[in-house]
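Student: Pasting a structure below so you can have a look.
The values are calculated or read from the model by the stated rules, or taken from the named source; none is laboratory data. The model shown is predicted, which means the values in this text are computed figures rather than measured ones. Cβ placement follows ideal geometry from the backbone for every residue including glycine, while neighbour counts extend to all protein chains displayed.
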Amino acid sequence: PVTEAMRIVDEDDSGIDRAFRTDVLLGLSQRQKAIPARWFYDERGSELFEDITKLDEYYPTRAETEILKANGPEFADAVGKGAAVVEFGSGSSAKTPLLLQAIAPAAYVPIDISGDFLRASAEQLSAKFPGLPVCPVEADFTKRVAMPDAIDGLPRLGFFPGSTIGNLVPRTAVDLLREMRETLCDGRDRAAKLLIGMDRVKDTAVLQSAYDDAQGVTAAFNLNLLHRINRELAGTIPVDYFAHRALWNDGIARIEMHLEAQRDMSFTVCDKRFDMARGETIHTENSHKYTRRSANALLLAGGWTPTHHWRDAHDRFMLILADA
Ligand code: AVJ
């Protein structure tokens, strides 16, 4: 059974997403132009990301799935039965069934900003687990989210797979971890845990090709952001003048994606004019990589105490369980 999701996207009279407009206009006005990675995921962007997860070069999805498949009984032991699983950014993940199978939860609460994706994946999940109450919530999980009454009194397990946390700089990641703790604990002294996936620091060439694949799917994913701006924010960006770049920033252990101007240009977005010089970039994504220690430090700063730690056979990825 799937309950009705609430709609929370804030649109103006012409149907423009206010948060998207603000992030793009402010982001393009900075000296180093930058747009938050969360805006990649319109319908096309979500499809392209699904394609990325199937690429030979893109290991994180397979590595995390391997960990989930290999450790079912251990998750069940560590989490206990009858929890409400609250998934932050449910997407269309194939990972969720693996977790639900392993721990036999009492309810499943997927939270996602994309309502259509959310409803589709809630229906799919519900079909696979008849009898499991599924309560989708359409919301921006970077803020505290009200939990459905249906899970009152149940112990809660937050699930945040996919290394999505890696998109955030540490200051913002810590804020998010604290918001998740608020969402799960509801201001009370509730039993809450978090199972979070984090990508590991590894050989630079492996990282680089994971974010700059031979087929150009990641390039298309990156460039799709410009198409989205043109479509949704009345933009005139000449998309063909941009090239995809993926760089490893060793000092802060992250892959950076940029869109690099291949020539001087000017364009407008929502009637605002922007100029770019050849070689200048729009910074579109950070994907932070962690060691066990740096991951633990981040979780602790966010109010979570790590208790368990699992890796795939090739040490590429880790799942960490933490206590509120
Ligand atoms: C969905 C944030 C985990 O950082 O690996 C994939 C997104 N960007 N290829 C990542 C992404 C380019 C991805 N996350």
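Student: From E64, E47, E74, which residue is under 21 Å from P306 (Cα atoms), within 16 Å of the ligand (Cβ to nearest atom) and assigned to a helix (DSSP H, G or I)?
Tutor: So the residue among E64, E47, E74 that is under 21 Å from P306 (Cα atoms), within 16 Å of the ligand (Cβ to nearest atom) and assigned to a helix (DSSP H, G or I) is E64.
Student: Suppose we keep only residues that are of a type in the set (K, R) and modelled with pLDDT of 95 or more within segment 188-239. Which one would you say is nearest to H308 (Cα to Cα)?
Tutor: Taking segment 188-239 and keeping what is of a type in the set (K, R), we get 188, 190, 193, 200, 202, 228, 231.
Okay, now just the ones that are also modelled with pLDDT of 95 or more, so 193, 200, 202, 228, 231.
Numbers: K193: 11, R200: 16, K202: 21, R228: 40, R231: 45 Å.
Among those that are of a type in the set (K, R) and modelled with pLDDT of 95 or more, it is K193.
Student: So D175 fits all but one of (1) part of a loop (DSSP other than H, G, I, E, B); (2) over 24 Å from A104 (Cα atoms); what number is the exception?
Tutor: It is condition (1) that D175 fails.
Student: While we're here: Taking the condition under 19 Å from T65 (Cβ atoms), buried (at least 16 other Cβ atoms within 10 Å of the Cβ) and at pLDDT below 95, does P136 pass?
Tutor: No.
Student: I'd like to verify a number: residues in segment 227-270 that are outside any strand (DSSP E or B), in contact with a strand residue (DSSP E or B) (Cβ under 7 Å, 6 or more places away or on another chain) and within 15 Å of the ligand (Cβ to nearest atom), how many?
Tutor: Number of matching residues: 1.
Student: Across segment 141-172, what is the number of residues that are outside any loop (DSSP other than H, G, I, E, B) and within 16 Å of the ligand (Cβ to nearest atom)?
Tutor: Of the residues in segment 141-172, 8 are outside any loop (DSSP other than H, G, I, E, B) and within 16 Å of the ligand (Cβ to nearest atom).
Student: Now, a different point. Which one of I255, I237 is of a type in the set (V, I, T), under 22 Å from M318 (Cα atoms) and touching a His at 6+ places or on another chain (Cβ under 9 Å)?
Tutor: Among I255, I237, only I255 is of a type in the set (V, I, T), under 22 Å from M318 (Cα atoms) and touching a His at 6+ places or on another chain (Cβ under 9 Å).
Student: Mind counting the residues in segment 178-216 that are in a helix (DSSP H, G or I) and on the phi > 0 side of the Ramachandran plot?
Tutor: 0
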